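Quick notes on the structure that follows.
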Amino acid sequence: MSLVGWILVIALAAAGTVGWRLYRYPGGWRYAFAREHTAARRDLDAARGALRGLERSAKRELSGARAAVEAATAAHRRRVRAAEEHLAHLRDPGRGGLRDELPGLSLYEHVLAVKSDDWQGDLPLDRIAVRSDHTAKAGHIYLIAPDGHQHLLTYPTETTDEESVRAFVVDVHNAIAQAKAFQRDRPARIRRAEADLLRVRDDTAVREQAELHLDEVTARQNADPRIPKARRSLDAAHDRWENLTGHRPT
């Protein structure tokens, strides 16, 4: 920045400072700057500072109490939402996470998704059977659906090696065992999740305590005589300044 630019910045800053001081101490240059009126300015500043300090402290305390209520409310909502999502998952687990894949077959936690030349759809793992066999040219996976229908998928060895087919079938067998255990335990887990959801919904102690604290802070501040007294003191300081200068501070 050039010298002229710096001079302009300094001049503007000085003008702003002077303007602010004249605003704070209305009545003219003499009352805003002269040493003879230092005591009057200090009197006005002290009254302003006392009220501002009390109001700032009260606002900080009230904001903290309100923030505690908001935090407790949000935390309760998160717990309820988590319990609801857990119950919804048990009631309708869907496919679950993807575990393994072969061309035309996708193994999820709860279903085996099939896409073959003659059929496509989801087979529930807890109600199907699977086996495989192999020839020199291909591997074969046989799926028995819950209705008894069988589906055959063939994997030429030049595109899918035998070990991959065998490993996938093993994964399916293990997933079937886990899916059956899940379905066996699901009614009891749903009952526990329903009870847990009710408990979480009713567990509002932390929020209620925060709300009670907010009510106590609000009532105490409303009954606190210090801020009204400080306002009266500031009004009196304004009166003294107005009597001195003919101008009332804002």
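Simple rule: put +1 on each Lys or Arg Cβ and -1 on each Asp or Glu Cβ in the chain, find the dipole, and look at Tyr31, Ser132, Ala50; the Cα lying farthest toward the positive end is Tyr31.
Entry for region 112-152 at q = 0.15, 0.20, 0.33 Å⁻¹: log10 I(q)/I(0) = -0.36, -0.62, -1.22, Debye formula applied to identical alpha-carbon scatterers, no solvent contribution. Cα-based radius of gyration for the chain, normalised by 2.2 N^0.38 Å, reads 2.17. Relative to the globular-protein estimate of 2.2 N^0.38 Å, the Cα radius of gyration of region 42-162 stands at 2.34. Taking only the C-alpha atoms of region 55-104, Rg followed by Dmax gives 21.5, 71 Å.
Each label was represented as a point 7 Å from its Cα along the Cα-to-Cβ direction; for Glu162 and Ala195 these points are 5.3 nm apart. Going by a ≥ b ≥ c, the root eigenvalues of the Cα gyration tensor, does region 136-183 fall in the rounded group (a/c under 1.5), the prolate group (a/b larger than b/c) or the oblate group? Oblate is the answer for region 136-183, as a/c is 1.5 or above yet b/c matches or exceeds a/b.
Straight-line cross-link partners of Lys59 among the lysines, defined as a Cα under 30 Å from its Cα and at least 8 positions apart when in the same chain: Lys229. Across q = 0.22, 0.25, 0.28 Å⁻¹, region 15-65 modelled as identical point scatterers on its alpha-carbon atoms has Debye log10 I(q)/I(0) values of -0.79, -0.89, -1.00, in the order of the q list. Surface analysis of the chain yields an accessible area of 64 Å² per residue, using protein heavy atoms and a 1.4 Å probe. Expressed as a fraction of 2.2 N^0.38 Å, the C-alpha radius of gyration for region 165-209 is 2.00. With a 1.4 Å probe and every protein chain kept in, tell me what percent of the accessible surface of the chain is carbon plus sulfur. Here it works out to 54 percent.
Among 189-201, 220-232, how do they line up by average Cβ neighbours within 10 Å per residue, starting with the highest? Working shown, then result.
Details: 189-201: 14.2, 220-232: 12.4.
Packing proxy ranking, top to bottom: 189-201, 220-232.
Ignoring lysines fewer than eight residues from Lys180 along the same chain, the ones with Cα atoms less than 25 angstrom from its Cα are Lys115.
The label-point distance for Asp185 and Asp215, in a model that sets each label 7 Å from Cα toward Cβ, rounds to 4.3 nm. In this structure the amide hydrogen of Glu101, modeled in the peptide plane, comes within under 5 Å of the amide hydrogens of Leu107, none closer than 5 places in sequence on its chain. Remark: the chain carries a charge dipole of roughly 2360 debye about the Cα centre, counting +1 on each Lys and Arg Cβ and -1 on each Asp and Glu Cβ.
Sorting Glu158, Glu70, Glu211, Glu216 by solvent-accessible area of protein heavy atoms yields Glu158, Glu70, Glu216, Glu211, largest first, with a 1.4 Å probe. Taking all protein chains as shown and a probe of 1.4 angstrom, His149 keeps an accessible surface of around 110 Å². In region 211-250, a dipole from Cβ-located charges (positive for Lys and Arg, negative for Asp and Glu) runs towards its positive end, and of Leu214, Leu244, Ser233 it is Leu244 whose Cα lies farthest in that direction.
The values are calculated or read from the model by the stated rules, or taken from the named source; none is laboratory data. Here the structure is a predicted model, which means the values were calculated and not measured. Cβ coordinates were reconstructed from backbone atoms using ideal geometry, including for glycine residues, and neighbour counts include every protein chain displayed. Ligands, DNA and RNA are stripped out before the accessible areas are found, and what is left, the full protein with its side chains, is counted by its heavy atoms. Shrake-Rupley method; radii C 1.70, N 1.55, O 1.52, S 1.80 Å.
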